[in-house]
Amino acid sequence: MVSVKGSLRAAFLHFGPALPAAHDGDSMRPFILTTLQAGKLPRWGLPLLCLLYALPGMIGRDPWRTADATGFGISLTMAWGGLRDWLMPNIFGDPVYDDSPFPYWIAALAMRALPFLAEHPVGRGVTVCSMLLLFAAVWYATYRVARLPGVQPSDPFGASVSRVDFGRAIADSALLVLLATIGLIARVHETTADAGQVALIAVFLFGAAVAIDAPRPGGWLAGLAAGASLPSGGPQVWVPLLLVLACLPLLIPAYRLVRSRFWTSALPPAVAVAAIWPLALVATGPEGHQYLARWWQGNLTLAIGPALENARYLVSTIPWFFWPAWPMVIWSLWRWRTRLSEPAVGLPLLCGATLLVPALLSPRAGESLLLPMIPPMAMLAAVGLPTIKRAAVSLVDWFSVTTFTLMGLAIWAYWIAWVTGFPPVMAFKAGQLAPGFRPGNILDEIVLGLLASAAWLGLVRWRVSRQPRMIWRAVMLASCGLVLMWFLLMTLWLPMFNERNTYRDVGLAVGQHHGNDGCVASRHLNPTARTSIAYFGRVGFGPEATCPWLVIEDQGPLAGVIAPQEAGYRLIWEGSRRRGQDERFRLYQRLAPARR
């Protein structure tokens, strides 16, 4: 009898997940997961991968057009301004109605708390912290729900992994899926509200996961994150999270035993925290009323119903934006179709489904409505990884190897052509990103780029030669490939991208000619230029009626004509960015004293 049991156990250990018999009375095929298959990543590996994800693209650059500089401009205005600027987001007097203030409050507070540091690095540091919070919250939320018995592997002969090790393996997999999702990486590296908004979604999921065992602290944390989502992402994020809080005890049995404590802990902060900013605006008087009405109206236009243009956008964007998470999500839903009420499946499914509705109802296409779905999708995808067939894993692996290897070769080839001028066609195309710009000392870029390339080749060799059986192997190459290619891109090409997207020279030129002599009025000035002139030139903006200076931006055909005369002003300076030949900035000084 002992030998038979030992033989069966050895067979389980060798052949892995799939068995034909029913499990727990349902129609699902059971699976067993050994300690080897649930092997954890090196504890230094995940933090290092997260840092390699978060830091490149955030160090050694200026505010970039358009969203990045706009977000930084809002934070900078708050840090330099007063209460009105904190309650009504604006860029030095130019109102911003399609954004919400909470993430910018955090950045502005950090700028004020660290006055000895330049504001832009501080703002980028807050964005990096938001990313790290996102990673930690997704990992711990997945770990909490994956330890529950509903999705645990079969263990008929004591051969399966422990619940703790299984939960850790699923949490590692969820984080790798998150890091591998293509649509997330560029958006969270901007100093906008996106990184903070997605981090709040992850904190909400973590609080909801904790609430199963600790309903009061977990519910309070989930409610706090839900309430903060209104002044972060607007009602299109807050309303779905509120619905999730209301529906969790109704749809998922694990929450029913703690229903009253969960609701009384989660719903009050979800409503009260959300009401703080609107009530503060109302208390400021007519100006606050007007701003709130404009902000609310702008958000309502995002839910008036789908449009054909948005449908086309979603069809063309979703396949690459959510890759490789979406195929794994589909597999997880199919694999766990009879257990959708288990927290490990039901919590991310309910959250992701409710957040999908605003994206479907919006008549205006945009990635910002898709971003909140990524954390729940990563959690849901990870639950299905232990049962994915080897053929599917190999397909994802070879797709990742092919895609990121070709991407790395293209990054190197065009960079070498740009630096050396050969081959001429490739050099010309690369140079068009910033005509006339030449890199300075490139030794550091070469060394870091070679290290990233060597790391990628070493990882591929390890995956091909060792054939690891760990469940996270399906997304290891995808996540590391995306991170290393981003690192390579943000190392070799960062000077070029910075030159193409910065307005530093414009801001410094305006500041130099202005000489800190009174305020500056503006006409047709885009948000990036407005932010850069204020930040680099240390120039204050004001109304044209009282300011002795005027800066005008001309675009298109007007940028190429001789500077027009402005009545009562004389032209002091005109110029443009190296790349911005279709735009021109002109600085005028008033001839007569400003009217008081």
By how many nm would the segment from GLN512 to ARG538 grow when fully extended, if each residue of separation counts as 0.36 nm and the alpha-carbon distance is taken off? 8.4 nm
Answer with one residue from TYR569, ALA534, CYS547: the one whose Cα lies farthest towards the positive end of the charge dipole of region 504-590, charges on Cβ with Lys, Arg +1 and Asp, Glu -1. ALA534
Highest mean first, what order results for 68-78, 427-437, 256-266, 339-349 on Cβ atoms within 10 Å? 68-78, 339-349, 256-266, 427-437
With no solvent and one equal point scatterer placed on each C-alpha of region 46-387, evaluate the Debye formula and give log10 I(q)/I(0) for q = 0.06, 0.08, 0.11 Å⁻¹, two decimals. -0.21, -0.38, -0.72
Mind jotting down the distance between the C-alpha centroids of region 271-336 and region 55-73, whole Å? 23
Three principal axis extents, largest first, for the C-alpha atoms of region 61-106, in Å? 29, 20, 19
Two-decimal log10 I(q)/I(0) for region 140-269, as the Debye equation yields it once each C-alpha is a single scatterer, q = 0.10, 0.15, 0.19 Å⁻¹: -0.38, -0.79, -1.10
Which cross-chain or sequence-distant (5 or more) residues have an amide H under 5 Å from the amide H of ALA521, H modelled 1.01 Å from N in plane? GLY542, TRP549, LEU550, VAL551
Could you pull out which residues in region 536-565 have an amide N less than 19 Å from a spot 7 Å beyond the Cα of GLU287, following the Cα-Cβ vector? 540-547
Over all distinct alpha-carbon pairs, what is the Kirkwood Rh of region 42-183 in angstrom? 17.8
Quick one: work out the % antiparallel among DSSP beta bridges in region 504-590, nearest 5. 70
Angle check, please: helix 286-300 long axis (alpha carbons) against the longest principal axis of the chain (alpha carbons), in degrees 0 to 90, nearest 10. 50
So for region 260-371, taking the charge dipole from beta-carbon charges (+1 Lys/Arg, -1 Asp/Glu), which of SER265, MET328, SER368 sits furthest toward the positive end? MET328
Kindly write out, for region 413-428 in residue order, the coupling ³J(HN,Hα) from the Karplus curve 6.51 cos²θ - 1.76 cosθ + 1.60 (θ = phi - 60°), rounded to whole Hz, with x marking Gly and Pro. 4, 6, 5, 4, 4, 5, 6, 9, x, 9, x, x, 5, 5, 4, 5
Stretched out fully, how many nm does the piece from LEU308 to ARG523 gain, at 0.36 nm a residue minus the Cα gap? 73.9 nm
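For a distance above 35 Å, tell me the whole-number percent of Cα pairs in the chain that qualify.
Values: 81280 of 177310 pairs.
Summing the P(r) of the chain above 35 Å gives 46 percent of all pairs.
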Distance in nm between pseudo-label sites at ALA186 and ASP444 (7 Å out along the Cβ direction from Cα): 2.5
In terms of the Cα gyration tensor, with a ≥ b ≥ c the square roots of its eigenvalues, is region 194-342 rounded because a/c is under 1.5, prolate because a/b exceeds b/c, or oblate? oblate
Cα gyration tensor, region 313-403 - rounded (a/c under 1.5), prolate or oblate: oblate
Cα-centred dipole magnitude for the chain, charges only on beta-carbon of K, R (+1) and D, E (-1), debye, nearest 20: 1340
Can you work out the Karplus-derived ³J(HN,Hα) for every residue in region 188-194? Use 6.51 cos²θ - 1.76 cosθ + 1.60 with θ = phi - 60°, whole Hz, and x for glycine or proline. 7, 9, 9, 7, 10, 7, 4
Residue among LEU385, PHE487, PHE116 farthest towards the positive dipole end of the chain, charges placed on Cβ: LEU385
Take every DSSP beta bridge with both residues inside the chain and express the antiparallel ones as a percent of the total, to the nearest 5. 75
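For region 504-590, give the magnitude of the charge dipole about the Cα centre (Cβ charges: +1 Lys/Arg, -1 Asp/Glu; no others), in debye to the nearest 20.
The calculation lands at about 200 debye.
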If you place +1 on the Cβ of every Lys and Arg, -1 on the Cβ of every Asp and Glu, and leave all else neutral, what size is the dipole of region 295-423 about its Cα centre, to the nearest 20 Debye? 340
State whether region 226-299 is rounded, prolate or oblate according to the following rule on the C-alpha gyration tensor (a ≥ b ≥ c being the square roots of its eigenvalues): a/c under 1.5 gives rounded; otherwise a/b larger than b/c gives prolate, and the remaining case gives oblate. prolate
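How many percent of all Cα-Cα pairs in region 172-220 sit more than 13 Å apart?
66
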Tell me, which cysteines of the chain are without a disulfide-compatible partner by the Cβ under 4.7 Å rule? CYS50, CYS129, CYS247, CYS351, CYS480
Output wanted: per-residue J couplings in Hz (rounded whole) for region 555-563, from phi through Karplus 6.51 cos²θ - 1.76 cosθ + 1.60, θ = phi - 60°, x for Gly and Pro. 10, x, x, 5, 5, x, 8, 5, 4
D (µm²/s, integer) via Stokes-Einstein for region 499-596, Kirkwood Rh across alpha-carbon pairs, 4 °C, 1.567 mPa s: value 97
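Read the figures in this text as sums done on the coordinates, not as results from a lab. Given the structure is predicted, the values throughout are model-derived calculations rather than measurements. FYI the Cβ positions are ideal-geometry reconstructions off the backbone, even for glycines, and counts take in every protein chain you see.
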